[in-house]
Amino acid sequence: MSRRGIARLALAAGAAALLVLVVFGGLGSLVLMGVGWAGLALTAAGVWWMLTHTGWIRVLAALLVVAAPLGVLLLYAAAGLLWVVVASLGLWALAVSAGRAALVEDTSPSMTERSVSRAKRPFLIMNPLSGGGKVERFHLAERARTLGAEVVVLDPAQRQDVTELACRAVQGGADLLGVAGGDGTQASVAGVAAEHDIPFMVISAGTRNHFAKDLGLDRQDPSRCLEALTDGVELRIDLGYLHAGVPGDRSAGRVFINNASFGVYAEVVQSPAYRDDKARTILEMLPDLLTHPSGTRLSVRAGSLTTDGPQAVLVSNNPYERGDSAGLGRRERLDSGELGVLCVSVGNAAEATELLLRGRQGRGLTTATARREVVVDADAPVIPVGVDGEALMLPTPVRCRLAAGALRVRVPRNRPGVPHGAPPMDWRRVRRLALTMGRVAAGRGAA
């Protein structure tokens, strides 16, 4: 089917979803929609109360999160209209899926790949504790050595400076640096690779593997990342740098491959318990952080944007997807030459509900991009900063800049996670595509 046909299918399915509600629900369709939105609002409010309270209030909020959607479904069933809602939601899902498919060719092309020769002296650093022991479980060191790489497995019993290890390897003739570990370790070694303009290789042996995800690497089987040693291609991507305290500092700065966070999230990262149990630590600390601010007031300058007093700030190496309002998803590109900025200011359940329902259109969220730098200042001389999940205390102001195309990344030629162009839904573009192409076709027929 042509793109015009798919766009028309999306419009037809969207219209059918509304018609099913109106025709079979009658006047009750308005009630159905109202009940649905009320249930969604109650669920969002319950989530907010879970995050901002502890004890019995959190328990009640958790019950509300479960009970609200179940209650909506029971009301639909009692009215004999559950099938109408299911059919309408199915048609709406088809409309969104078809609309995104029609827009695929309108998305930006993937990052440019360059064929390269095999590295002669690859050097890999592996953290045996990352990802719950993936290095040992997938026999990564043995497999890498079989492929001709020199491998250093870090000793958990003593602290080792991975930056120093990487520098010594380069001095010894290494022509590729790689890391099997978390994003923080990867960032440190990536900085050395960028400084010496040699390729950097990522092995997805961490827990969350955000950077590996954005590169399209296999996060379930990190051993597949080793294919980059024998059948690899090269990407030129951007690197983020942090400079703290002294205006005009021209030093290289601290590297970040994913993001630098300030405010609420950065304070959570500072907790000693965060590394051992991230989810529990966040749930325990968020209530106090959101309802009893520490007193430090942040301000952000990013190009023409100036934001004063946000609760949380995330500055990312390239912006996150347009549909991602929390900076937890995928970055569409790593070579756009832009920093992404997310500022969150949520003070009550109503604002939290709006943010959850409307995403980037919510009043509590400010988004921007910047090509030169982003400056985060505060009314305190030192603030907590989370840099790729690592806890730091940095003097203010903190300046974030981007080095475009600074890092050469070696990745396998075939990667399961390479996005195939599923763009966010945009009904205006879908309608324009369907109608415009239709007029063009009609004009040609008349001629």
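The values are calculated or read from the model by the stated rules, or taken from the named source; none is laboratory data. Note that the structure is a prediction, hence the values are computed from the model and not measured. Glycine also receives a Cβ, built like all others from the backbone with ideal geometry; neighbour counts cover every protein chain displayed. In case anyone asks, the SASA skips ligands and DNA or RNA and just uses the protein heavy atoms, side chains included. Shrake-Rupley method; radii C 1.70, N 1.55, O 1.52, S 1.80 Å.
At a Förster radius of 56 Å, what calculated FRET efficiency corresponds to the Cβ-Cβ distance of Leu305 and Leu70, to the nearest 0.05? Spell out each step's value before the answer.
Working: r = 42 Å, r/R0 = 0.74.
Once rounded, the FRET efficiency stands at 0.85.
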Given the protein chains as shown and a 1.4 Å probe, how many square angstrom of Glu164 are accessible, to the nearest 10? 90
Sorted list, accessible surface of protein heavy atoms, 1.4 Å probe, largest first, for Met111, Met126, Met393 is Met393, Met111, Met126
Residue by residue through the range 201-218, what is 3J(HN,Hα) from phi via Karplus (6.51 cos²θ - 1.76 cosθ + 1.60, θ = phi - 60°)? Round to whole Hz and write x for glycine and proline. 10, 10, 10, 6, 9, x, 7, 9, 6, 4, 5, 4, 4, 5, 8, x, 6, 6
On a C-alpha basis, how far is the centre of the range 151-229 from the centre of the range 31-69 in Å? Whole number, if you could? 43
Residues whose modelled amide H sits under 5 Å from the amide H of Glu332, counting only those 5 or more places away in sequence or on another chain, are Glu321
Rounded to the nearest 10 Å², the 1.4 Å probe accessible area of Glu267 is 50
Given H placed on each backbone N at 1.01 Å, which residues far from Met201 in sequence or on other chains put an amide H within less than 5 Å of it? Leu177, Gly178, Val179, Arg410
Under 5 Å, built H, 5+ apart or other chain: amide partners of Val382: Thr396
Ser304 - accessible surface, heavy atoms, 1.4 Å probe, Å² rounded to 10: 130
